[in-house]
Amino acid sequence: MVDHAAGQQDPRRTIPRTDALLASAAAVSARARLAEHTIAGLIRAVQERARRGEVPPEQVAGTVAAELAAARASTQTPVLNATGVVVHTNLGRAPLSAAAVEALVDAAGYVDVELDLSSGTRGARGAGARAALLAACPAAEDTLVVNNGAAALVLATTVLAAGREVIVSRGELIEIGAGFRLPDLIASTGARLREVGTTNRTHLRDYAEAIGPDTGCLLKVHPSNFRIDGFTAGVEVAELAELAGAHSIPLVADLGSGLLALDPLLPDEPDAATVLAAGADLVTASGDKLLGGPQAGIVLGRGEPVRALARHPLARAVRADKLTLAALEATVAGPDSPVTVFLHADPHRLQERAQALAEATGGQVVAHDGRVGGGGAPGVPLPGWAV
């Protein structure tokens, strides 16, 4: 008997060769956007699908061409934020303004980040961002930009209290995103936490009784992402500043959310100008929350402690790059950021947009409060609508 099946060609043998696909017009065009190993990996993935029978051999070339045309160098996918949370950490926090995006593009090439163009000599890094921040927050004598808010606090406690004590209320020992805890961050600097008061009540005398020869600084932390109501007590910045001044101890206030000036919409959210005017020596905050800019850590305050932070070796390890500095400067010096615009959106306009979406999708419009997000203004509703 003759085995006719044995004489039939395995269809997998007709799958186009890798070298042929690499030489195709689709691959040549893709080289303007993708690395050679990325293109080769995509081709091999389609060939493997064909070997498993998922793609017919005669469709391999077309599938490769389609996937190469759709491929992007970055896997981050632009999304529509329909969550009702303005500063959404999982969606990248603050969306940048058009001015900040333009600044990013300009800074993507060669840029005078550390060059004085008038003299041709080396200039101060991030001078533009520094000037913009000081213009927006005149209460500060100086400022420093690092790569995120946690780094700003770590740098401050390292410089002021490494090997010494940081006095902080037990009610302010917060956990931030991804499980990072304030006590752990401070302990990593070599400083020792001196906890005072209780979870719900801390008094000025608690701080006063804890001050000693090993005290490096007093730390006031805005809880940001939670609220404690009921039988509570806390100490205002002005009171702590008077106590710290009497003992010649620096007072650091970590605001978290990054407001530079008071926003009437968020009356309980501390801002840098008010806290500095109340007597804090240093304020630390994030750039990508209520400020509406890129991820950054911002230090504002008295000249000498800010300069001490800038001189410390750790400052080099946490410094901001040119893209961050450019986007931050444009955010502060430019028009209202999208975060500010969204927070102050007209509820009637939001209802019109929701109605249009409902009509297009067959949905139903209902009243629904939004949220600030990003650890800012917990419990503050933003009147709005949902589909």
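Quick look at the numbers
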{"item": "Members of the stretch 104-131 found to be hydroxyl-bearing (Ser, Thr, Tyr) and under 21 Å from residue 310 (Cβ atoms), listed by number", "result": "121"}
{"item": "Residue count for the stretch 59-83, restricted to those that are among the charged types (D, E, K, R) and at pLDDT below 95", "result": "1"}
{"item": "Any chance residue 111 is open to solvent by 50 Å² or more (accessible area, probe 1.4 Å), in the same structural domain as residue 266 (by the TED database) and in a loop (DSSP other than H, G, I, E, B)", "result": "yes"}
{"item": "Residue count, the stretch 26-44 (criterion: assigned to a helix (DSSP H, G or I) and touching a residue at least 12 places away in the same chain (Cβ under 8 Å))", "result": "10"}
{"item": "Out of 96, 104, sole residue that is surrounded by 12 or more Cβ atoms within 10 Å (Cβ to Cβ), part of a loop (DSSP other than H, G, I, E, B), in contact (Cβ under 8 Å) with a residue 12 or more places away in the chain and within 29 Å of the chain's Cα centre (by Cα)", "result": "96"}
{"item": "Helices (runs of 4 or more DSSP H) lying entirely in the stretch 243-350 (those with 1 or more residues that are open to solvent by 20 Å² or more (accessible area, probe 1.4 Å), over 20 Å from residue 373 (Cα atoms) and in contact (Cβ under 8 Å) with a residue 40 or more places away in the chain)", "result": "272-277, 303-311, 313-317, 322-333"}
{"item": "Unmet criterion (only one of (1) small (Gly, Ala, Ser); (2) open to solvent by 50 Å² or more (accessible area, probe 1.4 Å); (3) touching an Asp or Glu at 6+ places or on another chain (Cβ under 9 Å)) for residue 53", "result": "(3)"}
{"item": "Lone unmet requirement of (1) at pLDDT below 95; (2) in contact with a Leu (Cβ under 6 Å, 6 or more places away or on another chain); (3) in the same structural domain as residue 153 (by the TED database) for residue 309", "result": "(1)"}
{"item": "Selection within the stretch 130-144 - within 19 Å of the chain's Cα centre (by Cα) and either within 16 Å of residue 295 (Cβ to Cβ) or in a loop (DSSP other than H, G, I, E, B) (or both)", "result": "133, 144"}
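Results for (1) closer than 19 Å to residue 275 by Cα; (2) touching a Ser or Thr at 6+ places or on another chain (Cβ under 9 Å); (3) modelled with pLDDT under 95, shown as yes or no for each residue.
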{"site": "170", "(1), (2), (3)": "no, yes, yes"}
{"site": "175", "(1), (2), (3)": "no, no, yes"}
{"site": "179", "(1), (2), (3)": "no, no, yes"}
{"site": "187", "(1), (2), (3)": "no, no, yes"}
{"site": "196", "(1), (2), (3)": "no, yes, no"}
{"site": "215", "(1), (2), (3)": "no, no, no"}
{"site": "242", "(1), (2), (3)": "yes, no, no"}
{"site": "247", "(1), (2), (3)": "no, yes, no"}
{"site": "252", "(1), (2), (3)": "yes, yes, no"}
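The values are calculated or read from the model by the stated rules, or taken from the named source; none is laboratory data. This is a predicted model, so every value here is computed, not measured. Here Cβ is always computed from backbone atoms with ideal geometry, including for glycine, and neighbour counts include all displayed protein chains. Side chains are part of the model used for accessible areas, which takes the heavy atoms of the whole protein and leaves out ligands, DNA and RNA. Shrake-Rupley method; radii C 1.70, N 1.55, O 1.52, S 1.80 Å.
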